[in-house]
Ligand SMILES: Nc1ncnc2c1ncn2[C@@H]1O[C@H](COP(=O)(O)OP(=O)(O)OP(=O)(O)O)[C@@H](O)[C@H]1O
Ligand SMILES: Nc1ncnc2c1ncn2[C@@H]1O[C@H](COP(=O)(O)OP(=O)(O)OP(=O)(O)O)[C@@H](O)[C@H]1O
Ligand SMILES: [Mg+2]
Ligand SMILES: [Mg+2]
């Protein structure tokens, strides 16, 4: 293998690793969007808060990693459940944008709370994979990236199967498409939507825990939600495969644009592609075909 | 009106009604949409509610189904109060509403829509048979079973909505204008299906309908609503005898007579009930 | 109690039909005109800034509130207005011409950004505008020969007909005048054919087409108007800040603008102004009340943002129709006075309606 | 040459043939009804006429002008207005707002003069209003003039839609199931209105309808469609007597 | 303004709610500590300092409102230790035009100077990124002779300014960047930037990065097993926190230091007591920023003390201009030339066994 090839492959691997993170965060966004048509701007902050909680358990209380991770995921799920059941519930039926505003408000509150409780400083904690890497011939991958990709894969498949194949999953979709009709069919809409929020919160916690070793436990972690948003839009709102495709695509674009295009195009390119894709496919690459019958 | 109600109640007093609405009052903010309604459905009966636009029929059904909370009064199903419950609870209890205006799940396939109907049923038993029966009743849905429901024609969506409610095997089925937008043939079919549901499954049915002729022909009892109140009630046979009902709801003789002299008469007599 | 009745067609589109309203607004105008002489310096400056944010918020309201197109990239229009204006001033273009050109050029850029809106809508459009804002921040940061890049650009003083408008009072009146002009222009536009067409585009595209409304045209027009008005606000903002850097026009600013229009109440110009006042004053308000709290709490980092979020959340939760909704209830209370029923606006059960078919 | 002509129009959605080679003519001043089972393609046909869909093939002509390639918003300018099966009102406005929007195709002054609210604009607004008032009066909408359309009963909403279409001063009016959701009394009133629209205003009407009482009362000719094809065309009596129509649509 | 019989009002604006809010407690506390010391007993010539803290959110607009409030409402005597290049550049002119002393803004000194029109009321203490980086890179070039130099930077004033210094040092050797790669504040992944450096085969990476990014860049370099490259970080990356969080990852990292760095273990006794006092008072371990804010405030307090009871901005300004100062973090005694603290000393450090170890004497 020549130098050039090695580099391309290495970049592709890097791109997929980071893309998998985007995809996983995007997945959480897609879930809440699917269930309640709320674009959850607080998702990034749940993620960030989970990483702090993870730190608190691992470093603060000295619990073992797996136990702490489990507790963190459970806590994040509970938090999201509460956000839906106690807060978002109150504005059901309001225009979509009220929901977006409310999640922004919740995001601010979470950010404020975390820095009041933990203090705003960055920190870190050890994981079983920190600083480990795997060498495949000339290609080097950090173990953490492998874990992230695997997590993304497993979670996606699980969710995909859950939503498409189980009755409860279809009910979730039904509740999002026509909530009134879902109620009238006896679907426990409130419980179902809260459940989806909880799943989304759990996914956020997984992201937060996996992200912290490289990106540090930091208040600024929430920013990743913007990237995820771009991924969701690229792939198409409400589409789980879309979120994955969007996330991976974004990761790859960034990686290759960052190396092969002139400096300064790395971020610009991602957003240019985004605009271009939307003009060609106004519902994202894999978004549902829409259009109302008249 | 009082008199009518009393008589009506007296004839049926021996059995406990499966669904009873008492002194129901519902507001939309400042608008008083229904103003004290009493209504009963006996087990195994079909009840028709007729009324002009804006009379509050939809509001009545929505209040029964828990979509809106009443301001006053009660709704009792099999003797238990169900007002104030969430609509999903009411549905799981056995009172299922087919709402006005085809509320289908637009991005689910026709088959998935029907599957959703079975969420409210108490047992999974016999689901496949029910599905088969619905496809038999509405063959059009079988043809389109994998299409997104949002792309169906208006009539097809209406069939789907009714079929979906039947999947719940309700004890009481509430139908809000089931014939809306259906062809005459289908309207008749739907009502014959309504009759069959009633006789074969012993489901009590409350149907709101503009097509009074067919509604009264199908139902056992009828109520007439006007401006949020019940202004007449009785068995369908009784109602069909009333002059006012004939004239305003059955498109009776008076209207056709006007055309005899070649000129349409432009007067509109508006009925005010008291 | 007050009963509305019209005696001529003109009544129904008159702006202020009843004398209480007229008197109230006349008093408001008088108060605003007199304010610089009555208030301490600090507040005069704050109010000038409020005026600028009101103009920007009005600009966004046209787009979001009237045509239902959400933009998360309006900070970019503010930035473009500010930079174009400052650059032209530095090239010796007279103030009045520069400010008009700034609005005009921002409007043109709004046209370009509006074009995707023909195909893209809803949250997708919001993302396009967000992407545009990020790209324009990028361009401003890297095009240092014109914008001064990240090192910043000093804004020249506004001079109009030999008059220095940068003094506290002069600038106050400048902002007030611009706000008044923009407000009147928009009020007129929105009660005329264009405004109705915007509503048509927002509520039902199918029906709008069937009535001869060129939907794509109006969508883009809304972008142009919105961008131009926001650009105008940007030009004023340049004078308020006096020193421009790209960081001043980031996502936070866009979000703030969106918060203004939603908290204010979508679909109402009054809402835009109320929202702008609330959102711009909130941080100041929070820092005013902070010293009153016990030290353990007030010294906590993150308190500001937490309280900001809390207030927002409370507003969205208890007044989802925005400040304007609250205002309408208040008016209803006054007008129906002895008969007002508390549950007139009580919210019953509500159900989410999918907006995905749009 | 007839006022309005549909020639060999076909429309496919993927595998679904919604309309297949439909042709018919409508004469000036006629009330022309289209009936047919659900999913026959009636609404789709109206959608093709008003350019919501591009026909897969075929053409539509109105007053000798080819309209099957007009931009969607230009249709109303050639004199064709329509209503919708699933009511499409502007939910954010009052009845009056909705009707005034019907006047959109008439000039109201330039953009700048609208901003300045010049006397010209004001006069145009008042003129619109005067015209809208005529429609309100014709359709008895006075009590609802200033109500938000969002809370109106279904039947009134249908009338508002009709009124809005009339406000555009069309020469051809397309109605999609105007009587659905109305009770017999209201349907009879609608028949009167359609009569007025045709006789007094001289507007040609094409309506899709399932209520045969309205069709036989108001229509001059009836077209019955089935599975996207023309099944029968003739006077109401002829069509209602057609055995094919009876089996497919009316029922025995 | 701001001086009454009993009080001298000082103001500052920090990023309490924005992207760098994490670092602000240190600055505020360090400053507060010095002022409290000055206020002990009868205070400074019978007056006590009162500090008003405002939030600038790292945004120019917010900073403008903050400074307007400080000037017009609180009528402060001086603005001390306000934070952020953008915010400071945006507001400094407003302050000095009103006759308010503007002391020790944290940010790009040259830009702030330019924005203030070289007012005599502005005193900058932060060493300029461009000049200090120039010195630092020059040393690296002379000592290690790298063939190709790459530059990773945060887009914004930091990246621009550091870049200017690096370019200048390279130009002196007839070199240019072999590769440059920017990132946006908040980015979490640096693999593409490092890959770009690797693709260009550089042997020195200059990194204008903050804490998290410095660690991430080092992490990528280590991950790739890329041994024949040196990484030099600018002042914002040459901090104690980078060590605590980066651990082994940052071993071998070079840093450009513009002030002394102490850790709790290796500090002189006097600093150790200070650390302890801080910890006691604020219940947190201080970092170099706290001490820096303390020292800067110290200079200011000394000047106010020295001019006596009749305090005016002019007098304080004159005093500052004509005296020299020392502080626990200063490499040597320094004085104001053209109102900027000179000379700008630079020291090159390297992370060895988890500690910053200086490789050079302070260079000018
Ligand atoms: N969401 C609402 N907000 C305000 N008023 C409402 C609302 N829904 C219904 N109303 C009012 O309540 C009254 C009863 O309406 P309802 O829809 O129950 O009538 P209906 O008998 O079903 O009429 P239709 O035959 O048109 O369906 C009407 O006057 C209507 O204007
Ligand atoms: N956008 C679309 N994509 C796919 N199929 C469609 C679409 N629109 C309509 N169809 C199909 O085309 C057929 C004709 O629909 P159309 O709405 O024209 O029926 P209709 O005659 O108006 O029926 P109804 O009387 O029930 O309203 C239906 O089978 C429908 O499922
Ligand atoms: Mg109804
Ligand atoms: Mg149809």
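The values are calculated or read from the model by the stated rules, or taken from the named source; none is laboratory data. Keep in mind that what you see is a predicted model, and the values were worked out from it rather than measured. Here the Cβ is made from the backbone with ideal geometry for all residues, glycine too, and neighbour counts use every protein chain on show.
State yes or no: is residue C:126 touching a strand residue (DSSP E or B) at 6+ places or on another chain (Cβ under 6 Å), part of a helix (DSSP H, G or I) and either within 30 Å of residue C:193 (Cα to Cα) or modelled with pLDDT of 90 or more (or both)? Show your work before the answer.
Details: touching a strand residue (DSSP E or B) at 6+ places or on another chain (Cβ under 6 Å): no; part of a helix (DSSP H, G or I): yes; either within 30 Å of residue C:193 (Cα to Cα) or modelled with pLDDT of 90 or more (or both): yes.
No; evaluated as a whole, the condition is false for this residue.
If residue D:230 passes every condition in (1) more than 28 Å from residue B:178 (Cβ to Cβ); (2) in a helix (DSSP H, G or I); (3) within 16 Å of ligand 2 (Cβ to nearest atom) but one, which one does it miss?
Here residue D:230 clears every test but (2).
Considering only strands (runs of 3 or more DSSP E) fully contained in the stretch E:144-212, which possess at least 2 residues that are over 27 Å from residue C:246 (Cα atoms) and more than 8 Å from every other protein chain (Cβ to nearest Cβ)? Step through it out loud before you land on a result.
Working: elements: E:149-154, E:177-183, E:204-208.
Once the strands (runs of 3 or more DSSP E) in the stretch E:144-212 are filtered for at least 2 residues that are over 27 Å from residue C:246 (Cα atoms) and more than 8 Å from every other protein chain (Cβ to nearest Cβ), nothing remains.
When residue A:203 is evaluated against the numbered criteria (1) surrounded by 24 or more Cβ atoms within 10 Å (Cβ to Cβ); (2) over 30 Å from residue E:249 (Cα atoms); (3) more than 7 Å from every other protein chain (Cβ to nearest Cβ), which criterion, by number, is the only one it fails?
(2)
Please list, ordered by residue number, the strands (runs of 3 or more DSSP E) wholly in the stretch B:37-115 having 3 or more residues that are under 15 Å from the mean Cα position of the chain (by Cα) and more than 14 Å from chain D (Cβ to nearest Cβ).
On the way: elements: B:46-51, B:72-77, B:95-98.
Hits in the stretch B:37-115: B:95-98.
Which of the residues that make up the stretch E:223-259 are over 21 Å from residue E:154 (Cβ atoms) and away from chain A (no Cβ under 14 Å)?
Result: E:228, E:252.
How many residues does the stretch E:5-58 contain that are without any contact (Cβ under 8 Å) to a residue 12 or more places away in the chain and more than 28 Å from residue E:241 (Cβ to Cβ)?
Here the count works out to 5.
Given the conditions (1) assigned to a helix (DSSP H, G or I); (2) within 30 Å of residue B:100 (Cβ to Cβ), which single one is not true for residue D:40?
(1)
Quick check on the stretch B:163-170. Is at least one of its residues over 21 Å from residue B:89 (Cβ atoms), away from ligand 4 (no atom under 16 Å from the Cβ) and either modelled with pLDDT of 85 or more or within 13 Å of chain D (Cβ to nearest Cβ) (or both)?
Step one: of the stretch B:163-170, the residues over 21 Å from residue B:89 (Cβ atoms) are B:163.
Now drop any that are not away from ligand 4 (no atom under 16 Å from the Cβ), which leaves B:163.
Those left that are additionally either modelled with pLDDT of 85 or more or within 13 Å of chain D (Cβ to nearest Cβ) (or both): B:163.
Scanning the stretch B:163-170 turns up at least one residue that is over 21 Å from residue B:89 (Cβ atoms), away from ligand 4 (no atom under 16 Å from the Cβ) and either modelled with pLDDT of 85 or more or within 13 Å of chain D (Cβ to nearest Cβ) (or both).
Testing residue A:59 on (1) out of contact with any helix residue (DSSP H, G or I) (no Cβ under 8 Å at 6 or more places or on another chain); (2) without any contact (Cβ under 8 Å) to a residue 24 or more places away in the chain; (3) not in a loop (DSSP other than H, G, I, E, B), one condition comes back false. Which one is that?
Evaluating residue A:59 over (1) out of contact with any helix residue (DSSP H, G or I) (no Cβ under 8 Å at 6 or more places or on another chain); (2) without any contact (Cβ under 8 Å) to a residue 24 or more places away in the chain; (3) not in a loop (DSSP other than H, G, I, E, B) leaves (2) as the failure.
Tell me which of these residue D:11 doesn't satisfy, since it passes every other one: (1) within 29 Å of residue B:158 (Cα to Cα); (2) at pLDDT 90 or above; (3) surrounded by fewer than 19 Cβ atoms within 10 Å (Cβ to Cβ).
(3)
Name the residues in the stretch B:172-221 that are assigned to a loop (DSSP other than H, G, I, E, B), touching a helix residue (DSSP H, G or I) at 6+ places or on another chain (Cβ under 7 Å) and away from ligand 2 (no atom under 16 Å from the Cβ), would you? Step through it out loud before you land on a result.
Going through the stretch B:172-221, the residues assigned to a loop (DSSP other than H, G, I, E, B) turn out to be B:177-183, B:202-203, B:209-211, B:219-220.
Checking which are touching a helix residue (DSSP H, G or I) at 6+ places or on another chain (Cβ under 7 Å) leaves us with B:178-183, B:203, B:209, B:211, B:219-220.
B:203, B:209, B:219, B:220 - these are the residues of the stretch B:172-221 that are assigned to a loop (DSSP other than H, G, I, E, B), touching a helix residue (DSSP H, G or I) at 6+ places or on another chain (Cβ under 7 Å) and away from ligand 2 (no atom under 16 Å from the Cβ).
Being in contact with a strand residue (DSSP E or B) (Cβ under 7 Å, 6 or more places away or on another chain), on the phi > 0 side of the Ramachandran plot, within 16 Å of ligand 3 (Cβ to nearest atom) and in contact (Cβ under 8 Å) with a residue 40 or more places away in the chain narrows it down to one of B:94, B:56, B:73, B:44, so name that one. Give the derivation first.
Values: B:94 fails: within 16 Å of ligand 3 (Cβ to nearest atom); B:73 fails: within 16 Å of ligand 3 (Cβ to nearest atom); B:44 fails: within 16 Å of ligand 3 (Cβ to nearest atom).
Going through B:94, B:56, B:73, B:44 in turn, just one is in contact with a strand residue (DSSP E or B) (Cβ under 7 Å, 6 or more places away or on another chain), on the phi > 0 side of the Ramachandran plot, within 16 Å of ligand 3 (Cβ to nearest atom) and in contact (Cβ under 8 Å) with a residue 40 or more places away in the chain: B:56.
Can you confirm whether residue E:55 is over 30 Å from residue E:364 (Cβ atoms) and modelled with pLDDT under 90?
Details: over 30 Å from residue E:364 (Cβ atoms): yes; modelled with pLDDT under 90: yes.
Here the answer is yes, as residue E:55 does meet what is asked.
Run down A:258, A:246, A:242 and say which single residue is assigned to a helix (DSSP H, G or I) and without any contact (Cβ under 8 Å) to a residue 24 or more places away in the chain. Spell out how you get there, then give the answer.
Working: A:246 fails: without any contact (Cβ under 8 Å) to a residue 24 or more places away in the chain; A:242 fails: without any contact (Cβ under 8 Å) to a residue 24 or more places away in the chain.
Of the residues listed, the single one that is assigned to a helix (DSSP H, G or I) and without any contact (Cβ under 8 Å) to a residue 24 or more places away in the chain is A:258.
Return yes or no: is residue D:161 within 16 Å of ligand 2 (Cβ to nearest atom) and within 14 Å of chain B (Cβ to nearest Cβ)? Write out each step before concluding.
On the way: within 16 Å of ligand 2 (Cβ to nearest atom): yes; within 14 Å of chain B (Cβ to nearest Cβ): yes.
The answer is yes for residue D:161.
For residues that are in a strand (DSSP E or B) and facing another protein chain (nearest Cβ under 10 Å), scanning just the stretch D:169-207, find the one that is nearest to ligand 2 (Cβ to nearest atom).
At the first step, the residues of the stretch D:169-207 found to be in a strand (DSSP E or B) are D:172-176, D:204-207.
Then drop every residue that is not facing another protein chain (nearest Cβ under 10 Å), which leaves D:174, D:176.
On the way: D:174: 12, D:176: 7 Å.
So the residue we want is D:176.
For every residue, the table says whether it meets (1) crowded, with 19+ Cβ neighbours inside 10 Å; (2) touching a residue at least 40 places away in the same chain (Cβ under 8 Å).
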{"residue": "C:160", "(1), (2)": "no, yes"}
{"residue": "C:171", "(1), (2)": "yes, yes"}
{"residue": "C:178", "(1), (2)": "yes, yes"}
{"residue": "C:181", "(1), (2)": "no, no"}
{"residue": "C:201", "(1), (2)": "yes, yes"}
{"residue": "C:213", "(1), (2)": "yes, no"}
{"residue": "C:219", "(1), (2)": "yes, yes"}
{"residue": "C:224", "(1), (2)": "yes, yes"}
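For (1) assigned to a helix (DSSP H, G or I); (2) more than 8 Å from chain C (Cβ to nearest Cβ); (3) free of Cβ contacts under 8 Å to residues at least 12 places away in the same chain, each residue gets a yes or a no:
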site: E:62; (1), (2), (3): yes, no, no
site: E:65; (1), (2), (3): yes, no, yes
site: E:68; (1), (2), (3): yes, no, no
site: E:75; (1), (2), (3): no, yes, no
site: E:86; (1), (2), (3): yes, no, no
site: E:92; (1), (2), (3): yes, yes, no
site: E:99; (1), (2), (3): no, yes, no
site: E:112; (1), (2), (3): yes, yes, no
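Mind telling me which of the residues D:155, D:251 ends up being at positive phi and in contact with a helix residue (DSSP H, G or I) (Cβ under 7 Å, 6 or more places away or on another chain)? Explain how you work it out, then say what you get.
Working: D:155 fails: at positive phi.
Result of the check over D:155, D:251: D:251.
Out of A:213, A:262, A:241, report the one residue that is more than 7 Å from every other protein chain (Cβ to nearest Cβ), under 27 Å from residue A:50 (Cβ atoms) and surrounded by fewer than 19 Cβ atoms within 10 Å (Cβ to Cβ). Let's see the steps before the verdict.
Values: A:213 fails: surrounded by fewer than 19 Cβ atoms within 10 Å (Cβ to Cβ); A:262 fails: under 27 Å from residue A:50 (Cβ atoms).
The match here is A:241.
Could you please find all residues in the stretch A:116-146 being within 14 Å of chain C (Cβ to nearest Cβ), more than 22 Å from residue A:63 (Cα to Cα) and surrounded by 18 or more Cβ atoms within 10 Å (Cβ to Cβ)? Show your work before the answer.
Step one: list which residues in the stretch A:116-146 are within 14 Å of chain C (Cβ to nearest Cβ), which gives A:116-122.
Narrowing the set further to residues that are more than 22 Å from residue A:63 (Cα to Cα) leaves A:116, A:120.
Within the stretch A:116-146, A:120 is the sole residue that qualifies.
Scan the stretch B:116-149 for residues that are in a helix (DSSP H, G or I), buried (at least 18 other Cβ atoms within 10 Å of the Cβ) and at pLDDT below 85 and report the count.
Final tally of qualifying residues: 4.
Would you pick out the residues in the stretch D:5-62 that are near ligand 2 (Cβ under 9 Å from one of its atoms), without any contact (Cβ under 8 Å) to a residue 40 or more places away in the chain, in contact with a helix residue (DSSP H, G or I) (Cβ under 9 Å, 6 or more places away or on another chain) and more than 28 Å from residue D:213 (Cβ to Cβ)?
D:13, D:16
I'm told residue A:180 meets every condition in (1) out of contact with any helix residue (DSSP H, G or I) (no Cβ under 7 Å at 6 or more places or on another chain); (2) more than 10 Å from every other protein chain (Cβ to nearest Cβ) except one. Can you identify the failing condition by its number?
Evaluating residue A:180 over (1) out of contact with any helix residue (DSSP H, G or I) (no Cβ under 7 Å at 6 or more places or on another chain); (2) more than 10 Å from every other protein chain (Cβ to nearest Cβ) leaves (2) as the failure.
Find the residue count for the stretch D:72-103, including only residues that are free of Cβ contacts under 8 Å to residues at least 60 places away in the same chain and either within 16 Å of ligand 4 (Cβ to nearest atom) or closer than 30 Å to residue D:61 by Cβ (or both). Give the derivation first.
Filtering the stretch D:72-103 for residues free of Cβ contacts under 8 Å to residues at least 60 places away in the same chain gives D:72-75, D:77-78, D:86, D:90-94, D:96-97.
Subsequent filtering for residues that are either within 16 Å of ligand 4 (Cβ to nearest atom) or closer than 30 Å to residue D:61 by Cβ (or both) retains D:72-75, D:77-78, D:86.
Number satisfying all stated conditions: 7.
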